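This report refers to the structure that appears directly beneath it.
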Amino acid sequence: RLPGSTRAVAVLETSLTQALAPIKGLRATLAAVFVGSFLLCVVGSVVVARTVIGPVRALVSGVGAVASGDYTHRVPVVSTDELAQLATAVNHMTATIAEREEALRQSEERLRHAQKMEAVGRLAGGVAHDFNNLLTVMLGRIDLVLGELPEGEPLRGEVMLVQGAAERAATLTRQLLAFGRKQLLQTRLIDINQVVG
């Protein structure tokens, strides 16, 4: 104790090497902790890359395939977490879009077929209408010729054959006109039991 002082001071004399010895041990411990932390980060990065980044890339690839019109691409489902649920949803969405695209293609095909049939019907109706006009003139002239020929005339039988053919042609023309106009040809009552029997 120093005179007049309430504090005590102690002075120790040691070498610098002895004083820094505990710090050297601390430096080695800190280096080991740093290397361990670095290795843990590397391992963690690999685990995150495999469990998160890989599935996210697969999802992005699947969505890109759908956006480009490839509905056959499927996203692999490798786990049961939220990413797997998302992959399942993308696959379901892709399958649904593919089904709807196919249904739309079939509907368009049916529409094209119906339009072709309508065009054929219009063409048939137009031709039948013009042909019917010609047949009307022919049948009128045949009636006039038959009116001039006596009953026993051999030529009368030939003219009647021509008249029968013209009437059959007129019946066919009416059927074509009905097809072109989408009409019923001839309505009549029938006994279904008799038809089936």
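Quick notes
- Take Phe38: with every protein chain present and a 1.4 Å probe, its accessible area is about 120 Å².
- Of all accessible heavy-atom area on segment 42-197, the percent that carbon and sulfur account for (1.4 Å): 62
- The structure shown yields mean projected area of the Cα convex hull in nm², and of the options (1) 10.5; (2) 33.8; (3) 15.7 that calculated value carries the label (2).
- Per residue, the accessible area of the chain comes to 81 Å², computed with a 1.4 Å probe over protein heavy atoms only.
- Most fluctuating residue given options Val43, Val56, Val66, as computed from a GNM of the chain linking Cα atoms under 10 Å: Val43
- The residues packed around Val90, meaning those with a beta-carbon under 14 Å from its beta-carbon, carry a net charge of 0 if Lys and Arg are +1 and Asp and Glu are -1.
- Cut-off 19 Å (backbone N to label point 7 Å along Cα→Cβ of Leu86), residues of segment 57-71: 57-68
- Between Met160 and Val48, full extension at 0.36 nm per residue minus the direct alpha carbon distance yields a gain of 30.6 nm.
- Exposed loop sites here mean GluC sites (Glu not before Pro) with a DSSP loop assignment and at most 11 other beta-carbon atoms within 10 Å; the chain contains its longest site-free run at 14-150.
- Using a probe of 1.4 Å, the accessible surface attributed to Ser68 totals some 90 Å² when neighbouring protein chains are kept in position.
The values are calculated or read from the model by the stated rules, or taken from the named source; none is laboratory data. Bear in mind the structure is a predicted one, so any value in this text is a computation, not a measurement. Every residue, glycine as well, gets a Cβ built from its backbone with ideal geometry; the counts of neighbours run over all protein chains shown. Keep in mind that these areas ignore ligands, DNA and RNA; they rest on the heavy atoms of the full protein, side chains included. Shrake-Rupley method; radii C 1.70, N 1.55, O 1.52, S 1.80 Å.
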